[in-house]
Amino acid sequence: MVDFLFKQGDFEILADNVGALMPPAMNQLVKKCGCVSHQSFEVSTKTPEEFIGALIEMKHWSVLEHSWFTFQIKVKNKYKQRDLELELLQSNHLFCLDEVDQSIFISGNSRMFNEAYLRNKDSEIINNLMVYLSNYNSVLFPIKTIYWLPTNRYSLIFNPTFSNKSLILHHRAMTVLFNNVSRGFTHEDVRSRNGHNKVASYTQESTRYVNPMRKGGFKFILPYQEIDVTQKINLDTEEETIASFTSKIEKMYVALIALGLKAEEARQWLPIGIKSQIVQTFNLDEWRHWFFIRTQKAAHPEIRFVACNLLQEVQSRLPQIFDDFEIQVDKNNSNFTIYQGQESIELI
């Protein structure tokens, strides 16, 4: 039986400072994010370490993106600083990098650092960063027989503290789980992409492996305006209600499974309104961009509803980062925001 959900989209902030998590907590976060795909929270018996090991063995690197690590590289010769920065970018152009005085600040997730090492093993700085990371968290950095290369070019500080807003934006990450949202929500959501000093990582509930009937039937997300599902609609010569038509879609899916189709095949008939779940890890700079486009009046009502609720929560946690978004209410009693910041749209 179809369960209709109206304005029940919600969120859970799993970590508002991912990089500050100790290794056991970060490994647990990665596992929780990975379980979103197959909805395996309640059935997975693997430890976080076993779970991550299996992901790495299967080359499912994307889940490792729900992690975060930051270094301050204190350069001893300022004339060699640009060379060092270029070396880092050549290893992985997705790193978040900032130069301040005689320091380079670098942030990224486990996948970024691992791929940088695989791409540029001859780099002294990449090697030494990986030595530190593999000693710190050997689960997310399972690299063997790697040794520190002595150097007089720089020194490393792990997890430096920041007082500068720009550095906080680039080098702090937050992970949020969205639940009771539609596939339409997630389709729009994943349009956010990596940009200059902006990082966006996702894991989404799979319709390939997850049968929506597994937990008692379809959960269907209604449009974010009042609608009577018992209202009659005309389909050629046949009269239906919205509820009965949606129930027929559910029955069609069940019949296709009964015919022998796998979930990955029967999903071709799933509607975009089917309930979904998605978890995303962004650095705060990308979260600001996400709030800018997802909370304004022109945003889709469903995603704007959830985004404005999330914004209110993060404003209470990190007011210095998000206090230039002003939440207002429209004539339909729905929240939206007006951006009051000084940065141009290009920098948001």
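The values are calculated or read from the model by the stated rules, or taken from the named source; none is laboratory data. Since this is a predicted model, take the numbers as computed values, not measurements. Using ideal geometry, Cβ is built from the backbone for each residue, glycine included, and neighbour counts are taken over all protein chains shown.
If you check ILE278 against the conditions, is it in a strand (DSSP E or B), of a type in the set (A, V, I, L, M) and at negative phi? Even if it seems obvious, please write down each step before you answer.
Details: in a strand (DSSP E or B): yes; of a type in the set (A, V, I, L, M): yes; at negative phi: yes.
Answer is yes for this residue.
Inside the stretch 46-92, residues that are within 24 Å of the chain's Cα centre (by Cα) and either surrounded by fewer than 17 Cβ atoms within 10 Å (Cβ to Cβ) or over 22 Å from LYS198 (Cβ atoms) (or both) make up a count of 18. Residues that are small (Gly, Ala, Ser) and surrounded by fewer than 18 Cβ atoms within 10 Å (Cβ to Cβ) were ranked within the stretch 248-288; the one that is nearest to ASN309 (Cα to Cα) is ALA255.
Inspect the stretch 176-187 for any residue being under 22 Å from LEU55 (Cα atoms), out of contact with any Pro (no Cβ under 7 Å at 6 or more places or on another chain) and part of a strand (DSSP E or B) and give the result as yes or no. Steps first, please.
So in the stretch 176-187, the residues under 22 Å from LEU55 (Cα atoms) come out as 176-177.
Still in the running and out of contact with any Pro (no Cβ under 7 Å at 6 or more places or on another chain): 176-177.
Add one more test, that the residue is part of a strand (DSSP E or B), and what stays is 176-177.
The answer is yes, given that some residue of the stretch 176-187 is under 22 Å from LEU55 (Cα atoms), out of contact with any Pro (no Cβ under 7 Å at 6 or more places or on another chain) and part of a strand (DSSP E or B).
I'm trying to understand the selection: among the residues of the stretch 142-175, which are part of a helix (DSSP H, G or I) and surrounded by fewer than 16 Cβ atoms within 10 Å (Cβ to Cβ)?
Keep residues of the stretch 142-175 that are part of a helix (DSSP H, G or I), which gives 165-171.
If the condition is that a residue be part of a helix (DSSP H, G or I) and surrounded by fewer than 16 Cβ atoms within 10 Å (Cβ to Cβ), then LYS165, SER166 are the ones that fit.
Scanning the stretch 31-68 for residues that are part of a loop (DSSP other than H, G, I, E, B) and touching a Cys at 6+ places or on another chain (Cβ under 8 Å) yields a total of 3. Pairing each residue of the stretch 147-166 that is of a type in the set (D, E, K, R) with any residue that is exposed (fewer than 13 other Cβ atoms within 10 Å of the Cβ) and assigned to a loop (DSSP other than H, G, I, E, B), provided the two are 6+ apart or on different chains, yields C-beta distances under 9 Å for ARG153/LYS76; ARG153/ASN77.
Residue-level check: of (1) at negative phi; (2) over 20 Å from the mean Cα position of the chain (by Cα), THR145 misses just (1). Here GLU286, GLU239, GLU302 are screened, and the one residue that is in a strand (DSSP E or B), in the same structural domain as GLU205 (by TED's automatic domain parsing) and touching a strand residue (DSSP E or B) at 6+ places or on another chain (Cβ under 7 Å) is GLU239.
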